[in-house]
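Note sheet for the following structure.
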Amino acid sequence: MNVELGPKRLELLHELVPAATVVAFIINPANPNAPSQTREVQAAAGALGIRLHVLHASSDRELEAAFGALRELRAAAVLIGADPFFNSESQLLATLTRRHAIPTAYQYREFAAAGGLMSYGGSLTDSYRQAGIYAGRILAGAKPGDLPVQQSTKVELIVNLATAKALGVSVPLPLIGRADEVIE
């Protein structure tokens, strides 16, 4: 689901930083979903009047290089694509966000909790809860092949006000009101 939420993440980032007419989109080129994510986010950027720079990163060093290129590209904000590698690098991504003083959005709460500006994506807690329910049914004797396929549909918006203040970003009250969690 987080792959499909890229355009909405861009829209929310644009709501947070409306003056950002140039945005960098960091994507892992090794991810098979990278081409479709890129097309969807480029289409959303065009609709919002945003010039999008697509940057590739599949290692810590390439992430640091991508953030290092932002000033030259005149990017005023960063959107990070959905990818398992990036999931494991929430702390590094948040550190790079603060070091380069750039508003950045990603998919999971862990990013915002680590100091990133905003996250918008599927709830890991809800996914784990559903996995526990499935495991409980199987332990109670249900055959796995008889259980319906289910996907978490809970989406969370997390805003880190401390990071917003450090970046000089004024978070609109309607966005704060829609947030599932506000980190202060």
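The values are calculated or read from the model by the stated rules, or taken from the named source; none is laboratory data. This structure is a prediction, so every number in the text was calculated from the model and none was measured. Backbone-built Cβ (ideal geometry, glycine too); neighbour counts: all protein chains shown. Surface areas here come from the heavy atoms of the whole protein model, side chains and all, with no ligands, DNA or RNA. Shrake-Rupley method; radii C 1.70, N 1.55, O 1.52, S 1.80 Å.
Quick one: compute the contact order of the chain, relative version, from alpha carbon pairs under 8 angstrom and 6+ residues apart, as a percent.
Values: 305 pairs, mean separation 39.1, N = 184.
Computed value for the chain: 21 percent relative contact order.
For G121, what residues show an amide H to amide H distance below 5 Å, using hydrogens built from the backbone and excluding near sequence neighbours?
E156
For the Cα atoms of the chain, what angle does the longest principal axis make with the long axis of helix 34-48, in degrees from 0 to 90, nearest 10?
Its long axis makes an angle of about 50 degrees.
How much of the accessible area of segment 73-168, probe 1.4 Å, is carbon plus sulfur, in whole percent?
Here it works out to 56 percent.
Sort out for me the Cα centre separation of segment 3-78 from segment 99-177, rounded to whole Å.
So the two Cα centres are separated by 19 Å.
Using the Cα centre as the reference, give the magnitude of the dipole from point charges on the C-beta atoms of the chain (Lys, Arg: +1; Asp, Glu: -1; all else neutral), rounded to the nearest 20 debye. Kindly include the intermediate steps, with their values, before the conclusion.
On the way: 16 positive and 17 negative charges, 28 e Å.
Approximately 140 debye in magnitude.
If one computes P(r) from the Cα atoms of the chain, what percent of pairs lie at distances over 28 Å? Mind dumping the intermediate values first?
Details: 4115 of 16836 pairs.
In whole percent, the long-distance tail amounts to 24.
Label-point separation (nm) for R71 and Q150, each offset 7 Å from Cα along Cα-to-Cβ?
Calculated label separation equals 5.0 nm.
Tell me the angle of helix 90-99 to the major Cα principal axis of the chain, expressed in degrees between 0 and 90 and rounded to the nearest ten.
10
Angle, helix 6-16 long axis vs. longest principal axis of the chain, Cα atoms, 0 to 90°, nearest 10?
50
Let a ≥ b ≥ c be the square roots of the eigenvalues of the Cα gyration tensor of segment 1-88; is it rounded (a/c under 1.5), or, if not, prolate (a/b larger than b/c) or oblate?
Here segment 1-88 falls in the oblate category.
Name the residue farthest towards the positive end of the dipole of the chain from the options L139, Q37, Q151, assuming +1 on Cβ of Lys and Arg, -1 on Cβ of Asp and Glu, about the Cα centre.
Of the candidates, Q37 comes out farthest on the positive side.
Can you tell me the accessible area per residue over segment 108-160, all protein chains present, probe 1.4 angstrom, in square angstrom?
55
Name the residues whose placed amide hydrogens come within less than 5 Å of the amide hydrogen of H53, ignoring near sequence neighbours (fewer than 5 apart) on the same chain.
Amide H neighbours of H53: V23, A24, F25.
For segment 20-33, just list the computed ³J(HN,Hα) in residue order, Karplus coefficients 6.51, -1.76 and 1.60, θ = phi - 60°, integers in Hz, with x standing in for Gly and Pro.
6, 9, 10, 10, 9, 10, 9, 9, 8, x, 7, 7, x, 8
Output ³J(HN,Hα) for segment 165-177: one whole-Hz value per residue in order, computed from phi by the Karplus curve 6.51 cos²θ - 1.76 cosθ + 1.60 with θ = phi - 60°, and x for Gly and Pro.
5, 5, 8, x, 9, 8, 7, x, 4, x, 6, 4, x
For an R0 of 45 angstrom, estimate the FRET efficiency from the Cβ-Cβ distance between A135 and A19 and round to the nearest 0.05.
0.40
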